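For reference, the structure discussed in these notes is given below.
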Amino acid sequence: MNAEKSQKVAPVRKRHEKIRKMVQAQGFVTIETLARTFSVTPQTIRRDINTLSDKGFLARYHGGAAAPTSTENVAYKERKVLCFSEKQKIARLLAQHIPDNASLFVNIGTTTEAVAHALCNHKRLRVITNNLNVASIMSANENFEVIVTGGLVRNRDQGIIGEAAIDFIRQFKVDYGIIGISGIDLDGTLLDFDYREVRAARAIIDNSRKVFLAADHTKFGRNAMVRLGNIAEIDSLFTDHRLPSGLAEIIAASEVELHVA
């Protein structure tokens, strides 16, 4: 029974992922177009859209679906499993570029948490983070020195935000700043949802000798309303897929190193 259920669920998950990619690429897609593309009924597509809308992956409109609004992120539990294997690959690749004995900032996000796991076999890292999940992961290595910022703890994802976190980060100058992001506009703008989280990430960029951005392909062209900066300000982008052509040109012109897992 479990095997039969799994066989039925897998095609639905694949269709949901493809629907999300179509909506992300086109901005708005009609029910009729989706039904024709996947050779299913409009009723099936409406159920798909309702499910994806409830999870925050897209916005439901009369006659179709659009990219989600720029004001609210997908729930943390959903982000933990979204592109899980891709994030692991990105994390392993990024970890190869961090030497032993380095000092690091690591910010809030599920991708940076994957990086934290990938770094656990390093030696003598000094880590400053505003992410309690990262602190828990990396403090398991007794050779690491892990420092946690002060500030307000968000109960939904264990991220630490607020003026105290920003002031604490500004006291340091580290070798590498490792950051995640919610969206990368096709003009190179780095975007996120929480102004307070962005200010902490901004402090990390300003106080790191090198900045590594870890972002899977679903972040390309994704909307969010708070501007962090521009991709030209980072040193290396670690991702899992080739970039959209316009963004690839900006990366090349800005001399940002691109690493594709």
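Throughout, read-outs are computed from the coordinates displayed, never taken from laboratory work. What you are looking at is a predicted structure, and each value in this text was computed from that prediction instead of being measured.
Mean-square fluctuations from a GNM of the chain, with a 10 angstrom spring cutoff on Cα atoms, peak among 118, 201, 75 at 75. Measuring between their Cα centroids, region 231-252 and region 32-104 lie 20 Å from each other. Using the alpha carbons alone, the radius of gyration of region 77-260 stands to its Kirkwood radius in an Rg to Rh ratio of 0.93. What the phi angles of region 93-104 give under the Karplus curve with 6.51, -1.76 and 1.60, with θ = phi - 60°, is a coupling list of 5, 4, 4, 5, 9, 10, x, 4, 6, 8, 9, 9 Hz, glycine and proline written as x. For region 77-202, lysine pairs with C-alpha atoms less than 26 angstrom apart, excluding pairs fewer than eight positions apart on the same chain, total 6.
Here the Gaussian network model covers the chain, with springs between Cα atoms less than 10 Å apart; of 232, 35, 200, 35 fluctuates the most. Across the chain, C-alpha contacts under 8 Å between residues 6 or more apart give a mean separation that, scaled by the residue count, equals a relative contact order of 15 percent.
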